[in-house]
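Visitor: Below is a structure I'd like to ask you about.
Throughout, read-outs are computed from the coordinates displayed, never taken from laboratory work. What you see is a predicted model; the values in this text were computed from it and never measured. Every residue, glycine among them, receives a Cβ derived from its backbone with ideal geometry; neighbour counts consider all protein chains shown.
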Amino acid sequence: MNICRNGRLKVQAGIVALVLLFCFSVPIMAQTHPVRTESGLVSGVALGDGLEVFKGIPFAAPPVGDLRWRPPEPPAAWRGIRRADSFGPPCMQPPSPERLGPWTRVFLSKLKPSEDCLYLNVWTDARSPKTPRPVMVWIYGGGFTSGAGSVEIYDGAALAHEGVVVVNFNYRVGPFGFLAYPALARESAHHSAGNYALLDQIAALRWVQRNISAFGGDPGHVTIFGQSAGAASVWLLMQSPLAQGLFERAIVMSGPAVIPSPAITAGISLTAAEEQGEKFAAGLGARSIDELRALPAEKITQNSEHMRWAPIEDGWVIRAGWHPDREVEVINGMVADDIGIGYYGNGPAPVITLDEYHKRLQNLCGDAAPVCEKLYPAASDAQAGGALRTLLQDRARVSLYEWAERQVRRSPKVYLYYFNREIPWPQHPEYRVFHSSELPYVFDNLKLLDRPWQPVDWRLAHEMSRYWTDFATTGNPNGKGLPDWPAFRAGNFTIMQIGARMEPIAIAAQERRKFWMEKLQAPLGFEQQAE
C-alpha cells in the first residue's frame, strides 16, 4: 500500500518537474500594452531593453477572390486586441530552397506563401517619446518574384535601437503583382493594369502616415530604403505621383543605376504587358478574367516561373521615361560584385577564357570593343576574369555618378557609396562581395550568420547602420564618431568606399571614366535598356 502511494507521489513529482523544466526552458513572449491602429488594437512582443516588435498587422484586405488583381482595399476592422506576435505569410511565390547560390536561409523566406499576405511589421523603442522618432520603411528585393518582410536578415531591432521606428511589409510579386490583361484595364477607372506590387507599397506607406504616430514614429519624417528590386521600387516611388508626400528621404541600394537586368532597369509598356498577360492566361486555359480569378493560386505560381514580371508603364502608377521630380534627399550605392547578378545569375563569376572575354566585350562595349580591350587588357585566360570584373565595377560606378548628376539638380543632397567588404566565408571565397552582402551590415545583424567575423566586421556593421539611421534622422549620414562621407558634387569624381577602409575613392581611372561617361549618355530609368 505504502509502496503504491510512494510510487504515485514519485510519478506526480516527476510530472511537476517536467512541467517546470518546460516552462523555464521555453522563452515566454511578453506581450506589450495595446496600441490603437485605425483598424483596432494590437499587442506586440516586448524584446527587452525597451524594444518592442509588432508583427503581422494587416494594412490592406486580403487580395483574394474578386480582389485578386485589384488595387489594395482597406483592411477590415476587428474587436478586442489582436495579437501581433507572428509574421504574416509571404505573398504567393515559388518555395524557397535551403540555399540559393550565396544566399543562405537568413536571406530567404521560411514561411509558406499565401495570397492573404498584405501584412506589415513594426520595431520600436519609442511609443511614449517626448519627440516622435524618424521612420525607416524597408522594401525587400527578390527580382519582383520573391521576398518577404519576415526574412530573418531584415530584422529591424538593431536599427530601432539607434532611435528610429522601423517598418517593413509584404507586397504582391510575380503574376499576382504584375499581371496586365485587357479586361483588368477596362475594370480600372485609370485604364491601368499590373503594378499591384507598387500599389501595395503605396498602401503600406499610407498606413504609416495614418498610424505610425501610435508607435512613436513621426509621419512627417519617413525614409524609404530598399535593395535590388526593392531599390527599383524606391526609384519608382520617387517618380510616382501616387507616392507624393509619403516620404522625404530615400536610400537606393543596388538599384537601376547599377544592375543591368531587364527586370530591374527596363520598363514594359502596357500594350506589351497585356499581350504577355493574354499568352499567360491562354497557357493556363483561362479565357476571361473571371476564369483567371477562379484558378488556384498554386497553379498560377507554378506556370509563372519562366516569365518576366516587372513594373509597367501604365500612365497612372508609373509614367513613361525619366521623371525624378521628387525633391528628396538620397543615398544611392552598390556592392562591388553587384553587376555580376545581371550576367552570372545566382552563381559566382565564372572562370572565363580569353576568347569568352573578348565576346563579352563585344556585348558590353559594342563598336568600342577595341577601346575596351586597351582599357581593360587581358593577356591570358588567368587575367580574363579579373579584367571583366574591373570593367563591370567601373561601369557601375560611372553609371551611379551619371545618375547623381541628374538627381542632384532636384534633390537637396545626394550621397553615393561603394561597398566592398567580403563576408568572411572560407568555404566559398568565389562569391566575393555578392549581391545583398551588405544587408547584414546595414541591419547590424551579423549575429544571424554563422561566419568567422573579424573585429572590422562588427565595427563596419555598427558604422554602416549608423550612417543609415543618421541619414533618416537628419538627411546627412555623417554623425558623431563616423568617418566623413562627403555629399555628391558634380565634377568631383569620387564615391564613398564602405568596407575595411572608409574613405572617398575615384569612381574609375581617368581614361576609363571618360570612356564610360561617353558610353552611358542614354537617359537613366525606363528609357535605358539593359545591354
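Visitor: Projecting each Cα onto the charge dipole of the range 361-416 (Lys/Arg +1, Asp/Glu -1 at the beta carbon, about the Cα centre), which of Tyr415, Leu364, Tyr401 comes out farthest on the positive side?
Guide: Tyr415
Visitor: Past 20 Å, Cα to Cα, is the threshold; run Lys110/Lys447; Lys447/Lys480; Lys374/Lys514 against it and keep the listed order.
Guide: Violating the 20 Å Cα-Cα cut-off are Lys447/Lys480.
Visitor: Which trypsin sites (Lys or Arg not before Pro) in the range 447-511 sit in a loop by DSSP (not H, G, I, E or B) and have at most 10 other Cβ atoms within 10 Å of their own Cβ?
Guide: Lys480
Visitor: In whole Å, what are the Cα extents of the chain along the three principal axes, biggest one first?
Guide: 99, 59, 50
Visitor: Next up: For Lys279, go through the aspartates and glutamates and keep the ones whose alpha-carbon is under 15 Å away, minus same-chain ones fewer than eight residues off.
Guide: The qualifying aspartates and glutamates are Glu291, Glu305.
Visitor: Cα-Cα pairs above 14 Å in the range 100-145: how many percent?
Guide: I get 71 percent for the Cα pairs in the range 100-145 exceeding 14 Å.
Visitor: Within the range 66-97, report the chymotrypsin sites (Phe, Trp or Tyr not before Pro) that DSSP leaves as loop and that have at most 13 other Cβ atoms within 10 Å.
Guide: Here the sparse-neighbourhood loop sites are Trp78.
Visitor: Right, here's the next one. Counting other Cβ atoms within 10 Å, keep those with at most 13, restrict to DSSP loop, and tell me which GluC sites (Glu not before Pro) in the range 80-189 are left.
Guide: Here the GluC sites (Glu not before Pro) that fit, given the DSSP loop and packing criteria, are Glu98.
Visitor: Before anything else, pin down the relative contact order of the range 419-499: Cα pairs under 8 Å, at least 6 apart, normalised by residue count, whole percent.
Guide: Averaging sequence separation for qualifying contacts and normalising by length gives 29 percent for the range 419-499.
Visitor: Once the Cα gyration tensor of the range 200-257 is diagonalised, what are the square roots of 5 times its eigenvalues, in whole Å and ordered largest first, as equivalent ellipsoid semi-axes?
Guide: Working from the Cα gyration tensor, I get semi-axes of 21, 12, 9 Å.
Visitor: Oh, and also: Pull up the DSSP beta bridges for the chain and report the antiparallel fraction as a percent, rounded to 5.
Guide: The antiparallel fraction comes to roughly 40 percent.
Visitor: Quick one: in the range 58-122, what % of C-alpha pairs are over 15 Å apart?
Guide: Everything past 15 Å amounts to 62 percent.
Visitor: Aspartates and glutamates near Lys519 by alpha-carbon distance under 18 Å, same-chain residues fewer than 8 away left out - which ones?
Guide: Within reach: Asp367, Glu373, Asp394, Glu402, Glu405, Glu511, Glu527, Glu531.
Visitor: Any chance you could list P(r) for the range 149-248, counting all Cα-Cα pairs in 5 angstrom bins from zero, rounded to whole %?
Guide: 3, 11, 19, 23, 19, 13, 7, 4, 2, 0
Visitor: Return, for the Cα atoms of the range 38-147, the radius of gyration and Dmax in Å, separated by a comma.
Guide: Using the Cα atoms of the range 38-147, the pair Rg, Dmax is 16.0, 46 Å.
Visitor: May I pose another question? To the nearest 20 debye, what is the magnitude of the charge dipole of the chain about its Cα centre, counting +1 on the Cβ of each Lys and Arg and -1 on the Cβ of each Asp and Glu?
Guide: In total the dipole reaches around 1320 debye.
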